[in-house]
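The values are calculated or read from the model by the stated rules, or taken from the named source; none is laboratory data. In this text the structure is predicted, and so the values were computed from the model without any measurement. So basically every Cβ, Gly included, is an ideal-geometry build from the backbone, and we count neighbours across all protein chains shown.
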Amino acid sequence: MKHLLSIEAMDTASIKTILENATVIKAQRGDSQHQPLAGQTWAMIFTKSSTRTRVSFETGIRELGGGVMFLNANDLQLGRGEPIQDTARVLGRMVHGAVIRTFAQSDVEDFAEHSGIPTINALTDAEHPCQIITDIFTYQEQRGPIAGKVVTFIGDGACNVPISWIWAAGKLNFELRIAAPKAHQPCPDLIANAINGSGGNITVTEDCQAAAEGADLLYTDVWVSMGMEEEAAQRERDFAGYQINEALVALANEDALVMHCLPAYRGKEIDEPTLEAHADTIFTQAENRLHAQKAILNWLVS
Ligand code: CP
Ligand code: NVA
């Protein structure tokens with residue numbers, strides 16, 4: 001039984017298989033008779049808001065021949081305190097796979113363990129693996145192999161998106177630089193574990209300019225992740241200056257890509273002119289959620 005619970009738990013060969021298959025799936029969209037989810041029904045259980053992840057998974061599951069039901073966790077008995085393990089044991093007897101967006105990584109892992117069906121992490125506080133697989137697919141589609149390249153993340157270095165980038169750097173051998181205020185930097189033990197025994201190279205700094213110098217990909221995410229809303233005012237003070245803007249892009253390589261997982265808050269983590277100048281990449285990145293996640297689904301059931 002395969003699951004996609006985190007980049008941490010993925011092996012390099014599986015990530016590469018998914019990335020290669022995403023290219024084929026994207027090229028064949030509309031033509032392919034390949035329906036690996038035919039006769040299946042998948043459940044999507046979301047505790048947090050979503051536009052891209054929800055629509056791309058619902059579309060992707062249907063395009064692969066499956067049926068899908070979207071379940072707002074608050075409408076389930078889960079929202080009234082039924083344990084995740086019991087929810088998993090019930091759904092595991094009815095549906096063929098699950099896509100879960102929630103707070104605790106342990107909830108997704110418990111669901112996978114107790115349901116006995118393929119389970120996908122569609123974002124937790126710990127990781128956003130489908131996003132980072134898509135981002136790497138998007139980079140490689142436009143610029144070739146990511147191995148040996150420099151990826152610079154600017155902003156909240158301790159949230160789910162950069163954590164998935166950290167694990168990916170260890171597995172795919174690119175250089176990752178994280179520029180974040182001291183209070184929002186990733187835990188050093190996590191970085192040590194991610195690069196342990198790999199050729200990955202990860203550095204963390206408070207200096208956005210130094211991190212952007214010669215980068216091949218500049219990347220950012222919101223300053224206030226879902227669930228952190230009470231800290232919004234403090235975070236806006238902490239992250240002032242941690243913004244991708246034209247001055248920062250000028251320090252990167254000439255053909256550097258700018259990406260944002262979206263949603264974007266203009267004037268905060270990215271300024272309006274920079275987002276618009278790189279909108280083609282950023283919205284291709286959003287579209288690629290569909291293709292990359294179809295490759296993830298295909299990998300899970302093959
Ligand atoms: N990037 C991303 O996961 O977007 P949604 O929150 O809209 O799904
Ligand atoms: N770090 C963000 C990612 C949104 C796609 C969040 O968790 O809200």
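Looking at I191, I163, I136, I132, can you tell me which residue is more than 24 Å from D255 (Cα to Cα), within 16 Å of ligand 1 (Cβ to nearest atom) and either at pLDDT 95 or above or in contact with a Lys or Arg (Cβ under 7 Å, 6 or more places away or on another chain) (or both)?
Values: I191 fails: within 16 Å of ligand 1 (Cβ to nearest atom); I136 fails: more than 24 Å from D255 (Cα to Cα); I132 fails: more than 24 Å from D255 (Cα to Cα).
Only one candidate qualifies: I163.
Residues of the range 200-248 being assigned to a helix (DSSP H, G or I) and either of a type in the set (G, A, S) or within 16 Å of ligand 2 (Cβ to nearest atom) (or both), which ones?
The answer is A210, A211, A212, E229, E230, E231, A232, A233, R235, E236, D238, A247.
Is it the case that some residue within the range 198-221 is of a type in the set (G, A, S) and within 16 Å of I7 (Cα to Cα)?
There is at least one residue in the range 198-221 that is of a type in the set (G, A, S) and within 16 Å of I7 (Cα to Cα).
Can you find even one residue in the range 36-49 that is free of Cβ contacts under 8 Å to residues at least 60 places away in the same chain and part of a helix (DSSP H, G or I)?
no
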